[in-house]
Structures are given as C-alpha cells and as structure tokens.
Amino acid sequence: MKTLAILSLALLLTSAANAENRLPIGEFSRNSLAGWESKSFKHQTDYSLQDLDGTTVLRAVSDDAASGLYKEQRIDLEQTPYLNWSWRISKRLQGLNEQSKPGDDYAARVYVIVSGGLAFWRTRAVNYVWAGSTSKDTVWPNAFAGEHAMMLALRGPEAPLNAWLQEKRNVQADLKKLLGEDIRYIDAVALMSDTDNSGGQVLAYYGDIWFSKD
C-alpha cells in the first residue's frame with residue numbers, strides 16, 4: 001500500500017508539472033473555441049469542431065475564401081517560448097507562386113502576432129505555413145505585408161496528405177531570426193486556411209495549440 005501511495009503521489013506531481021509547463025491556446029479536443037474570434041478578408045472559410053478518429057479537432061474548409069480565427073493573449077516568451085500544435089491537410093494548393101499576391105494562399109497556416117498598438121503599421125507576424133509549391137524551410141516576406149509578416153514553409157509539397165504532423169517551434173528564436181529583433185511578448189495567435197487569391201479549395205484540420213517552457 002505504501003508503494004502504491006508513493007506511486008500515486010509521483011503521478012500527481014508529474015501531472016502538475018506538465019500542467020505548469022503547458023499554456024493552452026486552442027483546446028479543441030475539449031470541444032472548445034473559447035476566446036477565438038473570426039476575421040474575414042474575403043468570404044468565409046468554414047471552421048467547425050468535429051470528431052476525427054476519436055478526438056475533437058478544428059476542421060477548416062476553404063472555397064475561394066479567406067477568413068481566419070485569432071485569439072488575443074499576451075504570451076511571455078521568456079516563460080514559454082515554444083509553440084506546439086498538430087495539423088493535417090487533405091488537398092494541396094499546387095502550381096502557385098506563393099511569393100506573389102495571386103499565389104498567397106495556404107491550405108493551413110498558424111501564426112504569431114506582435115501588436116503595434118496604436119501604431120498599427122508596426123504590427124508584425126511570423127507565419128508558419130503548409131506550402132503547396134514552396135520547399136520546406138524556405139523563408140520569404142509576405143506578398144501583401146512585406147517584411148512585417150515573414151513566411152516560413154514549415155511543410156512543403158513533400159509532406160504527406162491525410163496524416164497528422166506535430167510541430168514545435170521556438171517562437172522567440174524565430175522572431176529574432178526572421179524579424180531581426182529581440183521580442184519578449186507576442187499578443188495573439190491566429191490560424192487560417194485561405195484560397196481567395198487562387199480561387200481554390202482546401203480541407204485542413206488543426207489539433208490543440210499550446211505554448212510550453214521546453
């Protein structure tokens with residue numbers, strides 16, 4: 001009994017440590033969109049929570065549309081620098097020049113935003129995108145926002161369809177590398193599946209999103 005009690009205590013302490021190490025942003029598996037708001041640029045991408053393989057995830061269907069979901073939450077990257085999430089797509093957007101305005105569409109993207117406050121023109125972002133034509137690890141300025149929004153092809157045309165892929169990024173390091181600044185705080189996280197420039201269609205899924213210490 002004593003051994004069982006010690007084991008139970010150890011499991012409780014491990015669970016508490018894991019909870020302390022994890023800062024939830026998107027708790028889709030709990031059937032929740034709490035705190036997430038919609039932003040439309042052209043028509044509406046259809047976002048909905050649905051069960052997939054026994055887990056509730058966020059489903060995104062975009063048909064000649066560009067709208068995203070965002071959550072305003074100030075994150076101290078000194079405390080939790082790592083952004084974690086999983087995603088999958090069922091169809092690629094192929095043949096696009098993703099560095100041009102007509103090709104600025106992505107089956108899936110997750111991005112972090114540094115607000116410029118009243119100086120809105122100083123708002124900056126790093127976009128982690130599932131590219132259809134651009135090779136993995138390629139970096140470029142957004143076709144519309146320039147160097148205020150840097151794009152990183154986290155997945156490219158070689159990535160498998162209909163398979164969950166887990167991501168983990170050191171956001172603080174990425175901001176330094178891509179924006180050239182030491183940034184401690186971000187102000188929002190967003191996601192979007194968009195096809196408005198190419199008029200295409202995509203189906204994507206997003207799993208839970210969270211920040212962690214390591």
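For the structure I just gave you, tell me whether Leu203 is of a type outside the set (D, E, K, R) and either within 26 Å of Asn21 (Cβ to Cβ) or modelled with pLDDT under 95 (or both).
Answer is no for this residue.
Collect the residues in region 116-152 that are farther than 22 Å from Tyr185 by Cβ and either within 15 Å of the chain's Cα centre (by Cα) or not in a strand (DSSP E or B) (or both), keeping them in residue-number order.
The answer is Val129, Trp130, Ala131, Gly132, Ser133, Thr134, Ser135, Lys136, Asp137, Thr138, Ala143, Phe144.
So in region 116-128, with the set limited to residues that are surrounded by fewer than 24 Cβ atoms within 10 Å (Cβ to Cβ) and at pLDDT 95 or above, which one is nearest to Trp164 (Cα to Cα)?
Tyr128
Condition check ((1) under 25 Å from Ala65 (Cβ atoms); (2) touching a strand residue (DSSP E or B) at 6+ places or on another chain (Cβ under 8 Å); (3) acidic (Asp, Glu)) across all residues:
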{"site": "Val110", "(1), (2), (3)": "yes, yes, no"}
{"site": "Gly116", "(1), (2), (3)": "no, yes, no"}
{"site": "Ala131", "(1), (2), (3)": "yes, yes, no"}
{"site": "Ala163", "(1), (2), (3)": "yes, yes, no"}
{"site": "Lys177", "(1), (2), (3)": "no, no, no"}
{"site": "Thr195", "(1), (2), (3)": "yes, yes, no"}
{"site": "Val202", "(1), (2), (3)": "yes, yes, no"}
{"site": "Asp208", "(1), (2), (3)": "yes, yes, yes"}
{"site": "Phe211", "(1), (2), (3)": "no, yes, no"}
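Tell me which residues, restricted to region 132-163, are aliphatic (A, V, I, L, M) and touching a Leu at 6+ places or on another chain (Cβ under 8 Å). Talk me through it step by step, then tell me what you get.
First, pick out the residues of region 132-163 that are aliphatic (A, V, I, L, M): 139, 143, 145, 149-154, 159, 161, 163.
Those that are aliphatic (A, V, I, L, M) and touching a Leu at 6+ places or on another chain (Cβ under 8 Å): Val139, Met150, Leu152, Ala159.
If I ask for residues that are within 21 Å of Ser198 (Cα to Cα), surrounded by fewer than 16 Cβ atoms within 10 Å (Cβ to Cβ) and among the charged types (D, E, K, R), which ones from region 19-63 would you list?
Within region 19-63, Lys39, Lys42, Asp46, Asp63 qualify.
Here's the yes/no breakdown for (1) more than 29 Å from Tyr185 (Cα to Cα); (2) touching a residue at least 12 places away in the same chain (Cβ under 8 Å); (3) not hydroxyl-bearing (Ser, Thr, Tyr):
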residue	(1), (2), (3)
Leu58	no, yes, yes
Ser67	no, yes, no
Tyr82	no, yes, no
Lys91	yes, yes, yes
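If you go through region 154-163 one residue at a time, do you hit one that is more than 16 Å from the chain's Cα centre (by Cα) and basic (Lys, Arg)?
Checked against the condition, which is being more than 16 Å from the chain's Cα centre (by Cα) and basic (Lys, Arg), region 154-163 yields no hits at all.
Leu165 fails exactly one of the following numbered conditions: (1) out of contact with any helix residue (DSSP H, G or I) (no Cβ under 6 Å at 6 or more places or on another chain); (2) at pLDDT below 95. What is the number of that condition?
(2)
Which residue pairs have Cβ atoms closer than 7 Å, lie 6 or more positions apart in sequence or on different chains, and pair a first residue in region 101-118 that is closer than 16 Å to Ile75 by Cβ with a second residue that is assigned to a strand (DSSP E or B) and of a type in the set (S, T, N, Q)?
Tyr111/Asn127
Yes or no: Val57 at pLDDT 95 or above, farther than 30 Å from Asp214 by Cα and aliphatic (A, V, I, L, M)?
No; evaluated as a whole, the condition is false for this residue.
The values are calculated or read from the model by the stated rules, or taken from the named source; none is laboratory data. Fair warning: this is a prediction, and the values are worked out from it, not measured in the lab. Positions of Cβ are backbone-derived with ideal geometry, glycine not excepted, and every protein chain shown enters the neighbour counts.
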